[in-house]
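Undergrad: Handing you this structure, nothing more for now.
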Amino acid sequence: MNVHKDQDRVEKVVDLAAPVARVWRALTDHNEFGEWFRVRLDNPFKVGATTTGVMTSPGHEHMNWVSVTEQMDHERLFAFSWPPSAIDPDTEYEKGAKVRVEFRLEPSESGTRLTITETGFQQFPETKRLEVLRSNVEGWDIQAKNIAAHVEG
């Protein structure tokens, strides 16, 4: 995916050879999510609640996880947000600033079509935005492979 400094979203579509119920569980059970996403979460996802943890992916173990679960529409949509200061602590952001991640699930011929959308990049300073976008595009490419291996294995 080509990225440019004015874009505000990253989108990744992945077809998974697993039923929607299986993919939903991998996304919304905090222990399963942690396995494929490479994060150790302290508590379950619950709408309106904050989930905390620590990244376990090699090279990222120093990063904390903080997210707020925004939506859980059973087997259709799971969404959470995270503060931009989590990856850019040197910038002061407006109170309530957030980046939103959505996982949309649809039945497909092979099992499940998962659409991952992340929005909110315009709030990053222009000097950092392209780097953040590129990093997140690369990250979602990796995570798409991780979840596929997790649910198809």
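The values are calculated or read from the model by the stated rules, or taken from the named source; none is laboratory data. Fair warning: this is a prediction, and the values are worked out from it, not measured in the lab. Here the Cβ positions follow ideal geometry from the backbone for every residue, glycine too, while neighbour counts run over all protein chains shown.
Undergrad: Given Thr28, Thr69, Thr52, which one is among the polar types (S, T, N, Q) and either exposed (fewer than 15 other Cβ atoms within 10 Å of the Cβ) or over 15 Å from Phe103 (Cβ atoms) (or both)?
TA: Thr52
Undergrad: Still on this structure: Between residues in region 132-149 that are under 14 Å from Val3 (Cα atoms) and residues that are part of a helix (DSSP H, G or I), which pairs lie under 9 Å by C-beta distance while being six or more apart or on different chains?
TA: Every condition considered, the pairs that remain are Val132/Pro84; Val132/Phe121; Leu133/Phe121; Asn136/Phe121.
Undergrad: Tell me which of these Asp88 doesn't satisfy, since it passes every other one: (1) within 19 Å of Val151 (Cα to Cα); (2) buried (at least 16 other Cβ atoms within 10 Å of the Cβ).
TA: Against the list (1) within 19 Å of Val151 (Cα to Cα); (2) buried (at least 16 other Cβ atoms within 10 Å of the Cβ), Asp88 comes up short only on (1).
Undergrad: Would a scan of region 25-43 turn up a residue that is part of a helix (DSSP H, G or I), small (Gly, Ala, Ser), touching a Gly at 6+ places or on another chain (Cβ under 9 Å) and modelled with pLDDT of 95 or more?
TA: Looking through region 25-43, at least one residue is part of a helix (DSSP H, G or I), small (Gly, Ala, Ser), touching a Gly at 6+ places or on another chain (Cβ under 9 Å) and modelled with pLDDT of 95 or more.
Undergrad: Follow-up question, since we're still on this one. Take region 44-90 and flag every residue that is part of a loop (DSSP other than H, G, I, E, B) and of a type in the set (Gly, Ala, Ser).
TA: Of everything in region 44-90, those that are part of a loop (DSSP other than H, G, I, E, B) and of a type in the set (Gly, Ala, Ser) turn out to be Gly48, Ala49, Ser57, Gly59.
Undergrad: Can you name every residue in region 94-141 that is at pLDDT 95 or above and among the aliphatic types (A, V, I, L, M)?
TA: Those that are at pLDDT 95 or above and among the aliphatic types (A, V, I, L, M): Val99, Val101, Leu105, Leu114, Ile116.
Undergrad: Now a separate question. Can you tell me which residue in region 91-130 is farthest from Thr69 (Cα to Cα), limited to those that are in a loop (DSSP other than H, G, I, E, B) and touching a Lys or Arg at 6+ places or on another chain (Cβ under 9 Å)?
TA: Gly111
Undergrad: Using beta carbons and a limit of 7 Å, which pairs, at least six apart or on different chains, have the first residue in region 40-58 and of a type in the set (Asp, Glu) and the second one surrounded by fewer than 16 Cβ atoms within 10 Å (Cβ to Cβ)?
TA: So the pair list comes out as Asp42/Thr52.
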